[in-house]
1. In segment 233-255, which residues are among the acidic types (Asp, Glu) and closer than 19 Å to residue 209 by Cβ?
2. Return yes when residue 194 is open to solvent by 70 Å² or more (accessible area, probe 1.4 Å) and in contact (Cβ under 8 Å) with a residue 40 or more places away in the chain and no when it is not.
3. Give the residues of segment 123-171 that are under 20 Å from residue 106 (Cβ atoms), small (Gly, Ala, Ser), outside any helix (DSSP H, G or I) and within 15 Å of the ligand (Cβ to nearest atom), sorted by residue number.
4. Can you find, within segment 122-166, the residue that is nearest to residue 68 (Cα to Cα) among those that are open to solvent by less than 70 Å² (accessible area, probe 1.4 Å) and hydroxyl-bearing (Ser, Thr, Tyr)?
5. Hey, any hits in segment 73-87 for a residue that's within 22 Å of residue 178 (Cα to Cα), in contact (Cβ under 8 Å) with a residue 24 or more places away in the chain and not β-branched (Val, Ile, Thr)?
6. Within segment 24-59, track down each residue that is more than 17 Å from residue 90 (Cα to Cα), within 16 Å of the ligand (Cβ to nearest atom) and in contact (Cβ under 8 Å) with a residue 24 or more places away in the chain.
7. Please work out which residue is least open to solvent (accessible area, probe 1.4 Å), limiting yourself to segment 1-47 and to residues that are within 25 Å of residue 204 (Cα to Cα) and modelled with pLDDT under 95.
Amino acid sequence: MNENSYETIEVRREGRVGVITLNRPKALNALNEQTMQDVVAAATELDRDSGIGALILAGSEKAFAAGADIKEMSGKSASDMYHEDFFAGWDAFARLRTPKIAAVAGYALGGGCELAMMCDLILAADTAVFGQPEIALGVIPGMGGTQRLTRAVGKAKAMDMILTGRQMRAEEAERSGLVSRVVAADELMDTALEVAGKIAEMSKPAAQHAVETVNAAYESGLWAGVQHERRVFHGLFSTADQKEGMSAFAEKRTARFSHE
Ligand code: HXC
């Protein structure tokens, strides 16, 4: 797919970093079926590219994404939702192996907050607002919010947000462990590019395995996670990047990773 032929997103490359920008300004980047297809297609292509070592997903200054597209969903029956397995397509994005950063400014509500949480880390502008307002629409989060928000901020805050629809501003989100860093809005993209660029310089297999193994902390018990980590750690000694990284240290030079 040509990188500029998507309907709802813009895609660009900055060195080893792939940047996907949601682009439905009139709907505050509400996530419809087309957006899901576009993001998953573009991100999958970048993920498979050995020349790309990290991804950034961004929105606009006003909204990262104001949620799933309410107008698209509103008339559907339970049977429609079940047969379409509505929004299960996003799982492919969540499971990508290349480290992915959500750069969030403005609203990250409902599915927008859930999409940010599918990323491996969230960088927030000081304008960012996170929330799960689905309860006010007569539903609950449906793209992983009840699970990922609870793991990120704990039961007390997750219950508060999901039951009342209360929004969390950037400073509280950082304090609560939802976001890694908060920066001034006009520095958000530069910071995201700096962090993504730093990750992309690292050995890609090492970074991919780090993502998989940190995520295992959320998906398994402690002992199973520790054993998984050890197996992955051992396995990385089969990569050229491990040999290069450790030799470079001993020789007091910068490693030149081949990402293999
Ligand atoms: C469809 C949306 C939308 C959404 C905004 N728009 N959010 N369209 N789905 N989620 C549209 C508005 O209808 C409007 O279109 C335009 O974007 C601008 O929005 P305004 O409301 O006029 O802007 P503003 O007054 O600045 O308010 C911003 C806002 C508000 C506070 C973010 O738009 C809002 O509350 N949006 C809904 C947030 C929400 O409930 N998200 C959760 C969705 S459910 P027009 O045509 O009038 O200009 C969800 C479930 C996930 O995400 C699970 C899926 C399975």
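1. Correct list: 241, 244.
2. Numbers: open to solvent by 70 Å² or more (accessible area, probe 1.4 Å): yes; in contact (Cβ under 8 Å) with a residue 40 or more places away in the chain: no.
No: the conditions fail for residue 194.
3. Those that are under 20 Å from residue 106 (Cβ atoms), small (Gly, Ala, Ser), outside any helix (DSSP H, G or I) and within 15 Å of the ligand (Cβ to nearest atom): 128, 131, 165.
4. By that ranking, first place goes to 146.
5. The initial filter retains those residues of segment 73-87 that are within 22 Å of residue 178 (Cα to Cα), namely none.
No, that holds for no residue.
6. 25, 27, 28
7. This residue is 3.
Results for (1) surrounded by fewer than 17 Cβ atoms within 10 Å (Cβ to Cβ); (2) outside any loop (DSSP other than H, G, I, E, B), shown as yes or no for each residue.
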| site | (1), (2) |
| --- | --- |
| 179 | no, no |
| 187 | yes, yes |
| 210 | no, yes |
| 233 | yes, yes |
| 237 | yes, yes |
| 253 | yes, no |
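The values are calculated or read from the model by the stated rules, or taken from the named source; none is laboratory data. Please read all numbers here as calculations on a predicted model, not as lab measurements. Because the Cβ atoms are built from the backbone with ideal geometry, glycine has one as well, and the counts that use them run over all protein chains shown. Please note that ligands, DNA and RNA were not included when accessible areas were found on the heavy atoms of the full protein model with its side chains. Shrake-Rupley method; radii C 1.70, N 1.55, O 1.52, S 1.80 Å.
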